[in-house]
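No value in this document is a laboratory result; all are computed from the given coordinates. Quick caveat: nothing in here was measured; it's all calculated off a predicted structure. Every residue, glycine among them, receives a Cβ derived from its backbone with ideal geometry; neighbour counts consider all protein chains shown.
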Amino acid sequence: MRKGFTIIELLVAVGVLGLLVAFSGYIFEVSIDSQRTAGANTEIMDKLRVICDQLNADFGEIRTDGYLVLQSRVSDRYEYKEDELNNEPNLFHDDKLYYFSTGDYQSWFDEGVESNTARIYFGHDSSSIYDNTLRPYVSEWSLARDVLLLTPGIIVTGLDDCIDLSFTKFKKDVLKNNLDDVWGMFEDNPPLRVRIDIANPSYADDVRRLMCENVGEIKIEWTDGTAYEEPPTGSNIYMLAWFGFDM
C-alpha cells in the first residue's frame, strides 16, 4: 500500500498555510504601523518638551512692567487637499502671543549686536497663515518663536532682528496707537518688524525661530481672575471665566 496525501488534505494544508501567511503579514503590517506611530509620538513629545522648556525660560525672565499681548483669531481654511476638493473648510485658531523678556540676547543676523531686552513672539509663521500658495493647507503650518532685540541707538539695515527703540519708547508707541495699529506695532509695520517667514532660506537654519512643523492650530486660553459662577455647595472655590477657547 502506497502512502501519501490526498488532494483534499493538500488543499486543506495549502489553505491553512495561506491563512498563516496572510495573518503573519497583517501582524507585521500592524507592528510596522505601531512602530511608526510610536516614533511619531516620540518626535511630537520631544518637540513639545522643547517648546515648553523655551516658554518656561522666557516666562522666567518676563518683564512685568511690559506688555503681554494675546491675539485670538480664527481662520476659515482647508486642513488637507482632500478637504478643498470636497469644499469642506474648517475653522482653525492661529492665536499669537507677544511679551517682553530680559536676558542675554544675541542678534542672529548682525554679528556683535546684543541686547538685554527683547520682544518674544510665539505663533505661526507668516508663510503659514498669510501665503495661501506656499502653505495652502492647515496641516502644513509651522509654529515659530521669534525674537526682536530692542537696541536703542543701534541702527541696522537689511534682514535683521533688531529695532532702534528703547523699551520705554516701544511701550509709548504702542500705547498711543489705537487697537488696530497695535498689531502693526508688534508685527510688521516698517521699520519695526521684518515678519518671520520660515520658508525664507535666510531663516531656515535659525533654531530660535523654527520650533515645530505641521502645527495646524494654536489656541491660547486665558483668564483675568473673574469668577462667573457661585462656588458649588460646600465649597469656597469659585469657577474662573476662561477666554479664547470658544469663538
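For this structure, a couple of remarks:
- Calculated FRET efficiency for the pair Met239/Arg63, C-beta based, R₀ 35 Å, to 0.05: 0.70
- Scattering profile of the range 1-112 at q = 0.09, 0.11 Å⁻¹ [log10 I(q)/I(0), Debye over alpha-carbon scatterers]: -0.62, -0.77
- For the set Lys81/Lys219; Lys47/Lys96; Lys96/Lys172; Lys47/Lys172, the pairs lying more than 26 angstrom apart at their alpha carbons are Lys47/Lys172.
- Database remark: amide H of Trp108 closer than 5 angstrom to the amide H of Asp161 (H placed geometrically; neighbours at sequence offset of 5 or more, or on other chains; Pro and chain starts carry no H).
- Per-residue ³J(HN,Hα) for the range 21-35, Karplus 6.51 cos²θ - 1.76 cosθ + 1.60, θ = phi - 60°, Hz, x for Gly and Pro: 4, 4, 5, 5, x, 5, 4, 5, 5, 4, 5, 5, 4, 5, 5
- Derived scalar couplings ³J(HN,Hα) [the range 63-77; Karplus, 6.51 cos²θ - 1.76 cosθ + 1.60; whole Hz; x for Gly, Pro]: 8, 6, 9, x, 10, 10, 10, 10, 10, 9, 9, 10, 10, 8, 9
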